[in-house]
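Asker: Quick one: structure below, then a few questions.
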Amino acid sequence: MKLGVNIDHVATLRNARGGIEPSVLDAAIVSQNAGATAITVHLREDRRHILDNDVIELKKALKININLEMAAVEEMKDFALKVRPYSCCLVPERRQELTTEGGLDVVSRKDEIGKIVSELKNAGIVISLFIDPDLEQVKAAHDIKSDYIELHTGCFSNAKDEIEEEFELGRLKAAAKYGQELGLKVNAGHGLNYKNVVRMREIEGLCELNIGHSIISRAIFVGLDAAVSEMFGLIA
Ligand code: PXP
């Protein structure tokens, strides 16, 4: 399995003082050298962590793919068309949330999201939709011709006991299988850490995991290079 390292929280730390430290670009390069197959950044509407210029600089400097997470709105679509990251992962976004709380509701926004997907795809950008492990959402993602789905692992990660964890893992397996049957490529992420990530290996055919908070947290104690290679070692 591949590892997309989400470096949003390097920017969170930098922005806490409004300066240039720690460098988002250096963090991306260290992650790249430590085995990351992609760098994921979420350009939020409120610019609470990653800023426009970070994405532009990353695009110039990195050898590996940049995966831009963004809301399915015109402003972000225009930005993506200008910067042209390798891929865009469309996510739901609410200003008050601490992090992306649920999957994108593709079923009820099919036309609107479908239009954005087609414009980005026409520009050669690979598309992923961040959805809950719900079969109707998987079907809708396929209907609007997404290349990938990224399954939201938040409920699995937050499971309060083993029974709930098994149940949530079952939902992820079923959604991944259905997506693959339809021809979608399947990624997963959110809330994964050094303990629960190994269970992702039970989901057949997953392409890539996107992991941020736990890697950046561990990096404080062991360094980013070690934190990324350790995570890579658990999933490779
Ligand atoms: N995937 C998506 C689509 C996300 O929005 C996020 C959080 O920004 C992640 C993965 C990574 O989640 P975490 O930081 O909990 O590892």
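Asker: Please give, to one decimal in nm, the separation of the simple spin-label points placed at Lys173 and Tyr194, each 7 Å out from Cα toward the Cβ.
Answerer: Taking the simple label geometry, Lys173 and Tyr194 are separated by 2.8 nm.
Asker: Right, here's the next one. Once the piece of chain linking Arg94 and Leu135 is laid out straight, how much longer is it, given 0.36 nm per residue of separation minus the C-alpha distance between them?
Answerer: Values: separation 41, 0.36 × 41 = 14.76 nm, distance 2.36 nm.
So the chain would gain 12.4 nm between Arg94 and Leu135.
Asker: Sticking with this structure for a sec: Find the centroid of the Cα atoms in the range 197-235 and in the range 20-54, then give the distance between the two in whole Å.
Answerer: 16
Asker: In terms of the ratio Rg/(2.2 N^0.38 Å) built on C-alpha atoms, what value belongs to the range 46-98?
Answerer: Here the Cα radius of gyration is 1.13 times the empirical estimate.
Asker: Taking only protein heavy atoms into account and a 1.4 Å probe, give the accessible area per residue of the range 131-236 in Å².
Answerer: For the range 131-236, the per-residue accessible area is 48 Å².
Asker: Follow-up question, since we're still on this one. Measuring with a 1.4 Å probe in the full set of protein chains, what accessible area per residue, in whole Å², belongs to the range 1-117?
Answerer: On a per-residue basis, the range 1-117 sits at 47 Å².
Asker: How much length would be gained if the chain were fully extended between Glu75 and Lys59, taking 0.36 nm per residue of separation minus their Cα-Cα distance, in nm to one decimal?
Answerer: Length difference between fully extended and current span is 3.9 nm.
Asker: While we're looking at this one, here's another question. Loop-only GluC sites (Glu not before Pro) in the range 29-117, please: DSSP not H, G, I, E or B, and at most 11 other Cβ atoms within 10 Å.
Answerer: Sparse-neighbourhood loop GluC sites (Glu not before Pro): Glu97.
Asker: Taking all protein chains in place and a 1.4 Å probe, what share, in percent, of the accessible surface of the chain do carbon and sulfur account for?
Answerer: Of all accessible area on the chain, carbon and sulfur atoms account for 53 percent.
Asker: Let me ask something else. Could you calculate the contour length gain from Asp143 to Asp225, that is, 0.36 nm times the residue separation minus the distance between their Cα atoms, to one decimal place in nm?
Answerer: Numbers: separation 82, 0.36 × 82 = 29.52 nm, distance 3.96 nm.
Once the chain is fully extended between Asp143 and Asp225, it gains 25.6 nm.
Asker: Nearest 0.05, what FRET efficiency do Ser23 and Ser118 give at R0 = 45 Å with Cβ-Cβ as r?
Answerer: 0.80
Asker: Using the Cα atoms as the points, what is the convex hull volume per residue of the range 66-133 in Å³?
Answerer: Enclosed volume per residue, from the Cα hull, is 89 Å³.
Asker: Using a ≥ b ≥ c from the Cα gyration tensor of the range 1-73 (square roots of the eigenvalues), is it rounded, prolate or oblate, where a/c under 1.5 gives rounded and otherwise the larger of a/b and b/c decides, a/b for prolate?
Answerer: Oblate shape, in that a/c is at least 1.5 and b/c is the bigger or equal ratio.
Asker: Among rounded, prolate and oblate, which fits the range 147-236 when a ≥ b ≥ c are the square roots of the eigenvalues of its C-alpha gyration tensor, a/c under 1.5 means rounded, and a/b larger than b/c means prolate?
Answerer: Taking the square roots of the gyration eigenvalues as a ≥ b ≥ c, the range 147-236 is oblate.
Asker: Enumerate the helices in the chain for which the Kyte-Doolittle hydropathy averages -1.0 or more and the C-alpha atoms extend at least 27 Å along the helix's axis, using complete DSSP H runs.
Answerer: Span-like helices here: 162-182.
Asker: Suppose we take every Cα in the chain and form the convex hull; what volume per residue is that in Å³? All intermediate terms of the calculation are to be shown ahead of the outcome.
Answerer: Numbers: hull volume 27.6 nm³, N = 236.
Roughly 117 Å³ of hull volume per residue.
Asker: Also: How large, in Å, is the range 181-222 by the Kirkwood hydrodynamic radius built from its alpha-carbon pairs?
Answerer: Computed over Cα pairs of the range 181-222, the Kirkwood hydrodynamic radius comes out at 11.6 Å.
Asker: Moving on. As a test of the definition: which semi-axes, in Å, follow for the range 1-125 when you take the square root of five times each eigenvalue of its alpha carbon gyration tensor? Largest first, please.
Answerer: Working: eigenvalues 114, 60, 35 Å².
For the range 1-125, the ellipsoid semi-axes come out as 24, 17, 13 Å.
The values are calculated or read from the model by the stated rules, or taken from the named source; none is laboratory data. Model, not experiment: these values are computed from the prediction. No Cβ is skipped: glycine too gets one built from the backbone with ideal geometry, and neighbour counts run over all protein chains shown. Accessible surface is based on the protein model in full, side chains and every heavy atom, while ligands, DNA and RNA are left aside. Shrake-Rupley method; radii C 1.70, N 1.55, O 1.52, S 1.80 Å.
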